[in-house]
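Peer 1: Pasting in a structure now, in structure tokens, and then I'll have a few things to ask.
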Amino acid sequence: EEDNLSHEAMQKILADIDKTYWFIDPLDGTQNRELETTFGGMVARRKGNEILYAAIFQPMNERVYGNGFFEAERGYGAWRWYGENTRIQLLIASQEKLQRHIVMIEGSSKKAFSNPVVAILGKAVATRTNVSNCFSTPAVANGHASGLLVIDNPPWDTLPALLFIPEAGGIVTDWDGNPVMPANCGKIIATGNAADHEAFLKLLNP
């Protein structure tokens, strides 16, 4: 994120399906950093159209609870670490177990609040806007929220979600229900189960 690459240079990297790239977001939730709340760091390893590995670090959770590190690897699940020899697998909440439908919304606050889709979604379910992807992604993967709606975020903000949420048992598509590629992941809807996903897609496409 801090390389200040031009749009053209970033598009060239995203279009390259032969090399392996690390995407690093060293400070996700910049404004929240001033409040010492939901900020953190994220990395994702990508080759072609697959995210092979992703990790998220939440300093506040590490400081308070000692478990602020999350990781996911393709084919091996998503996990939260509780010390050197202990980790617990992240699992999406089923529709039956989740009593409240909460959708985390990530993207520029101005884009979120001015977007008519958000207004439609907000009338049907509880929404939480612009917290930070390093918080929202594990929240959905761990079953604490039923969905994540991303609005025009850059790839380094979204790539971890493309791995964490499916590895925890969830579903990730674009707003029309189509598969998401790393080169085109600015607008996604990620949910914990098929029923929620179908319901949210109908709300996004009235």
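The values are calculated or read from the model by the stated rules, or taken from the named source; none is laboratory data. Note that this is a predicted model, so its numbers are computed, not measured. Please note: Cβ atoms are built from the backbone with ideal geometry, for glycine as well, and neighbour counts cover all protein chains shown. What goes into the accessible areas is simple: the full protein's heavy atoms, side chains included, and nothing from ligands, DNA or RNA. Shrake-Rupley method; radii C 1.70, N 1.55, O 1.52, S 1.80 Å.
Peer 1: At 1.4 Å probe size, with every protein chain present, just tell me what the per residue accessible area of the chain comes to in Å².
Peer 2: That works out to 51 Å² per residue.
Peer 1: At 20 °C and 1.002 mPa s, grab the translational diffusion coefficient of the chain from Stokes-Einstein with a Kirkwood Rh over Cα pairs, rounded to a whole number in µm² per second.
Peer 2: Diffusion coefficient, whole number: 126 µm²/s.
Peer 1: Under a 1.4 angstrom probe, counting protein chains only, how are 202, 123 ranked by accessible area, largest first? Spell out each step's value before the answer.
Peer 2: On the way: 202 130, 123 180 Å².
From most exposed to least exposed: 123, 202.
Peer 1: Continuing with the same structure: Given a 1.4 angstrom probe, I'd like the percentage of the accessible area of the chain that is carbon and sulfur, rounded to a whole number. Let's see the in-between values first.
Peer 2: Values: 5500 of 10540 Å².
Carbon with sulfur: 52 percent of the solvent-accessible area.
Peer 1: Under 21 Å between alpha carbons: how many lysine pairs meet that in the chain, if sequence neighbours fewer than 8 apart on the same chain are excluded?
Peer 2: So the count works out to 12.
Peer 1: Let me ask another. Starting with the highest mean, order 45-56, 78-89, 158-169 by the number of other Cβ atoms within 10 Å, averaged over the residues of each peptide.
Peer 2: Working: 45-56: 18.7, 78-89: 14.1, 158-169: 25.6.
Averaged packing, sorted descending, gives the order 158-169, 45-56, 78-89.
Peer 1: What ranking do 182-191, 59-68 get when scored by the average of other Cβ atoms within 10 Å per residue, highest first?
Peer 2: Ranking the peptides 182-191, 59-68 by packing returns 182-191, 59-68.
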